[in-house]
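Undergrad: Questions regarding the structure given below will be posed in turn.
Every read-out reported here was derived from the displayed coordinates using simple, explicitly stated rules and does not represent laboratory data. Quick caveat: nothing in here was measured; it's all calculated off a predicted structure. Every residue, glycine as well, gets a Cβ built from its backbone with ideal geometry; the counts of neighbours run over all protein chains shown.
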Amino acid sequence: MFEAIAFYLFAALTIIMFTITVMTSQALYALTAMAAGMIFISAFFFILGADFLGAIQIIVYTGAVMAIYAFGMMFFDTTRNVIEKRSNPQFVVVLGGLAAVLVVFIVLAPIVTTNLNANYPIDLAVGNTQAIGMVLFTKYLVPFELAAVMLLVAMIAGIVLAGKKMDKSLTLMAEEDIALMHASSATEITQEEAY
Amino acid sequence: MDMAFIIETIVKIVVILLVFSALAGLGTYFERKVLAFMQRRLGPMHVGPFGLLQVAADGIKLFTKEDIIPQNVVKPIFKIAPVITAATAFMAAAAIPFWPQFTVFGYTVHPIVADVNIGILYVLGVMAIGLYGPLLGGMASANKFSLISAARSAAVFISYEVISGLSLLAPLMMVGSLSLVDINNYQVGGIGHWIIWSQPVAFILFWIAAFAETGRTPFHLVANDHEIIDGFGTEYSGMRWGLFFIGEYANMFFISFVIAIIFLGGFGDGTIAGAFQLLLKVAFFFFFFLWTRAAWPDVRPDQLMWLCWKVLMPIAVINVVITGLVMMF
């Protein structure tokens, strides 16, 4: 009974939160509702007995959504409504509806054909964490390592892109040096444009 | 699920809430007294004996103050931000074993609300949600200094999550379990078996990260003191501001429990002596939070980031690799 109550409570909460995320024109509401929705999803993992995945869901999405907040802070005045440009609303409704129907089909197809069975059911003798480790490092080793390499590539690319002037500290430079640096970079840009 | 289990759990939750709310209040008193004695002052003296009733006076003041919601703030977010900080601090406590199990009138009590087998992950994850409080409070405040403080808090917390996670990885590899009870039982053999002796680097790293996660003084950038205003809390008044405070102090106590259980043997073999030793260790770590506040100035934001990414993170990674090599051979 408690599982059913918890499931319906968190299902309703998750749907409400993601609806707010999509519908609102307030950046702060959207971000906060998304963070809350992501955290409520972890409840389903806990109900299913997948404690490890539940905790990981909380940790990963807390940090990830916080990074999106940083973007929100940079691009919007988060205390005002964002004025969205809606040039073709019918088109958006049709595409969105199609995508939603498609997702329902993808999820329902294995259930309807009763093709759905757990490849790695929860074994109470082996802990949650150990079970995931075994699967990741035996059957899914290649995708796991590929994901790791992709993340490494992204990290190196990020450092290369962001780290151009990392050896210079604006805090420690004199005002004239900063002005000189800006002037030289401005001339570089005009030269590039000239080419 | 039987009724007795539900009633027992509710009683435990209420006890933890009451004890740690009271301790959070008393924590402010201890902080003032400790800071005062280190600076050769007397601290609160006038309300009650030794100023002990100052806590009650502060409580009355916070509860009865007018709750001001400024005009341009994003109201729902502004209202919910302090609740997030306080609520998640107490939710994180659900997986912490505060005391060894004991028997009262022939009934065995486990002083842990939910003995999940991923305890430490749950505690760190839920504490991390608590960092949304300062972030949302600052962003919803319609005040540029609050916004700057929110940006700083987001940067600090994202960075130091990495340190606390990586530094804990090495001891967890040795124990082979994420449950705080298992970690405690691993060190049951006494002072020689404490993880601090085999993982001193991880201990120091996690301790430093604990200061950043609770926003205590060497890393108190969430409310930069030399800006004179209170960072993300500038626009808050009354009990909403008080909730931020309760959350911060409760977090300090809970992270002290976590450090003591993981690195310093916790409650040991579960005797009464072990239980009181745990309380002494927690008291020491809480005192150390106050001691650093008296002894150290704040560091600059760029120094903080430099420390995190260029010093602490490489050390943490090297520590994990060395631990793995030692365990393998």
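Undergrad: Once amide H atoms are placed 1.01 Å from N in the peptide plane, what residues at a sequence separation of 5 or more from A:Gln26, or on another chain, have their amide H within under 5 Å of its amide H?
TA: Amide H neighbours of A:Gln26, under 5 Å, 5+ apart: A:Val82.
Undergrad: Thinking of region A:125-164 as a set of Cα atoms, what percent of all their pairs are more than 17 Å apart?
TA: Values: 391 of 780 pairs.
Of the Cα pairs, 50 percent sit more than 17 Å apart.
Undergrad: Also: Using Cα centres only, tell me the gap between region B:78-144 and region A:1-76 in whole Å.
TA: 17 Å
Undergrad: Under a point spin-label approximation (7 Å from Cα along Cα-to-Cβ), what is the A:Ala157-A:Thr114 distance to one decimal in nm?
TA: Result for the modelled spin labels: 4.6 nm.
Undergrad: Would you mind checking the radius of gyration and Dmax of region B:226-329 based on alpha-carbon positions, in Å?
TA: Over region B:226-329's Cα set, Rg and Dmax evaluate to 18.7, 59 Å.
Undergrad: Here is a further query. Please give the FRET efficiency for B:Trp197 paired with B:Ile229, using the beta carbon to beta carbon distance and R0 = 56 Å, rounded to the nearest 0.05.
TA: Working: r = 44 Å, r/R0 = 0.79.
Plugging the Cβ-Cβ distance into 1/(1 + (r/R0)^6) gives 0.80.
Undergrad: Now a separate question. Could you please report the charge total around B:Ala128, scoring K, R as +1 and D, E as -1 over all other residues with beta-carbon less than 10 angstrom from its beta-carbon?
TA: It works out to a net charge of -2.
Undergrad: Under a GNM of chain B (C-alpha, springs under 10 Å), which listed residue has the highest mean-square fluctuation: B:Leu178, B:Leu124, B:Leu53?
TA: B:Leu53
Undergrad: Here's something else I'd like to know. About the Cα centre of the protein assembly as shown, what is the dipole size in debye to 20, counting +1 per Lys and Arg Cβ and -1 per Asp and Glu Cβ, all else neutral? List each step's numbers first, then the result.
TA: Details: 24 positive and 31 negative charges, 135 e Å.
For the protein assembly as shown, the charge dipole is close to 640 debye.
Undergrad: Here's something else I'd like to know. If only Cα atoms are counted, what is the Rg of region A:44-101, and what is its Dmax, in Å?
TA: Looking at region A:44-101, its Cα Rg and Dmax stand at 17.7, 46 Å.
Undergrad: If you don't mind, there's one more thing I want to ask. Assuming 0.36 nm per residue, please report the length gained on full extension of the stretch A:Glu176 to A:Leu48 beyond their Cα-Cα distance.
TA: 39.8 nm
Undergrad: Here is a follow-up. With labels modelled as points extended 7 Å from the Cα through the Cβ direction, what inter-label distance (nm, one decimal) is found for A:Ser184 paired with B:Leu18?
TA: Result for the modelled spin labels: 6.9 nm.
Undergrad: Efficiency by 1/(1 + (r/R0)^6): what FRET value for A:Phe76 and A:Met134, r their Cβ-Cβ distance, R0 = 56 Å, to the nearest 0.05?
TA: 0.80
Undergrad: When Lys and Arg each count +1 and Asp and Glu each count -1, what net charge do the other residues less than 13 Å away from B:Ala316, Cβ to Cβ, add up to?
TA: Local charge sum for B:Ala316: 0.
Undergrad: Same structure, new question: Show me B:186-192, A:106-112, B:38-44 ranked by packing, highest mean number of other Cβ atoms within 10 Å first.
TA: Final packing ranking: B:186-192, B:38-44, A:106-112.
Undergrad: Cα axis of helix A:89-112 to longest principal axis of chain A: angle in degrees, 0 to 90, nearest 10?
TA: Result, in degrees: 40.
Undergrad: Relative contact order for region A:1-84 using alpha-carbon pairs under 8 Å, separation at least 6, rounded to a whole percent?
TA: 33 percent
Undergrad: Shifting gears a bit: Sum up the lysine pairs in chain B that clear both bars: alpha-carbon distance under 27 Å and a spacing of 8 or more or different chains.
TA: 11
Undergrad: To continue, here is another question. Using +1 on the beta carbon of Lys and Arg, -1 on that of Asp and Glu, and nothing else charged, what's the dipole of region B:3-328 about the Cα centre, debye to 20?
TA: 520 debye
Undergrad: Could you tell me which of B:Ala212, B:Leu121, B:Val282 has its Cα farthest along the dipole of chain B towards the positive end, charges placed at Cβ (Lys, Arg +1; Asp, Glu -1), taken about the Cα centre?
TA: It is B:Ala212.
Undergrad: Let a ≥ b ≥ c be the square roots of the eigenvalues of the Cα gyration tensor of region B:55-175; is it rounded (a/c under 1.5), or, if not, prolate (a/b larger than b/c) or oblate? Present the calculation step by step, with values, prior to reporting the outcome.
TA: Values: a/c = 3.22, a/b = 1.45, b/c = 2.22.
Because a/c hits 1.5 or more and a/b fails to exceed b/c, region B:55-175 counts as oblate.
Undergrad: Taking chain A as a Gaussian network, Cα atoms linked when under 10 Å apart, which of A:Gly49, A:Gly37, A:Gly96 shows the biggest mean-square fluctuation?
TA: With Cα springs under 10 Å in chain A, the top fluctuation among A:Gly49, A:Gly37, A:Gly96 is at A:Gly96.
Undergrad: Something else: Say the dipole of chain B comes from +1 at the beta carbon of Lys and Arg and -1 at that of Asp and Glu; which of B:Leu136, B:Phe37, B:Met173 then lies farthest toward its positive end?
TA: Going by the charge dipole, the pick is B:Phe37.
Undergrad: Turning to a different aspect of this structure: Going by how many other Cβ atoms sit within 10 Å of their own, how do B:Glu248, A:Glu175 line up, fewest first?
TA: Fewest to most other Cβ atoms nearby, the residues stand as A:Glu175, B:Glu248.
Undergrad: May I pose another question? Can you divide the C-alpha Rg of region B:31-96 by 2.2 N^0.38 Å and report the result to two decimal places?
TA: After normalising by residue count via 2.2 N^0.38 Å, the value is 1.59.
Undergrad: In what sequence do B:Glu227, B:Glu161 fall when counting other Cβ within 10 Å, fewest first?
TA: B:Glu227, B:Glu161
Undergrad: Rounded, prolate or oblate, given the Cα gyration tensor of the protein assembly as shown, with a/c below 1.5 counting as rounded?
TA: rounded
Undergrad: Another one. For B:His46 and B:Ile318, what does the FRET efficiency come to when R0 = 51 Å and r is the distance between their Cβ atoms, rounded to the nearest 0.05?
TA: About 0.45, to the nearest 0.05.
Undergrad: Choose one of B:Met305, A:Val160, B:Ala24: the residue whose Cα lies farthest towards the positive end of the charge dipole of the protein assembly as shown (beta-carbon charges +1 Lys, Arg; -1 Asp, Glu; about the Cα centre).
TA: Value: B:Ala24.
Undergrad: Now, a different point. Let me know the Kirkwood hydrodynamic radius for chain B, please, with Cα pairs as the basis and the value in Å to one decimal. Write out the running numbers ahead of the final one.
TA: Working: mean 1/r = 0.0478 Å⁻¹.
For chain B, inverting the mean 1/r across all distinct Cα pairs yields 20.9 Å.
Undergrad: With charges only on Cβ, +1 for K and R and -1 for D and E, what is the dipole size of chain A about its Cα centre, in debye, rounded to 20?
TA: It works out to roughly 580 debye.
Undergrad: Select from chain B the helices, each a whole stretch of DSSP H, whose alpha-carbon atoms run 18 Å or more along the helix axis and whose Kyte-Doolittle mean is at least -1.0; answer none if there are none. If you can, show how the numbers build up before the last one.
TA: On the way: long enough: B:3-38 (51 Å, 1.70); B:75-92 (26 Å, 1.21); B:144-175 (46 Å, 1.36); B:200-214 (21 Å, 1.73); B:238-263 (38 Å, 1.50); B:272-295 (34 Å, 1.61); B:313-328 (23 Å, 2.21).
Span-like helices, by this rule, are B:3-38, B:75-92, B:144-175, B:200-214, B:238-263, B:272-295, B:313-328.
Undergrad: Ok, one more. What is the spin-label model distance, in nm, from B:Lys310 to A:Glu145 if the labels are put 7 Å beyond Cα along the C-beta direction?
TA: 3.4 nm
Undergrad: Could you put B:Val162, B:Val222, B:Val11 in order, starting from the residue whose Cβ has the fewest other Cβ atoms within 10 Å?
TA: Least to most surrounded, the residues fall as B:Val11, B:Val162, B:Val222.
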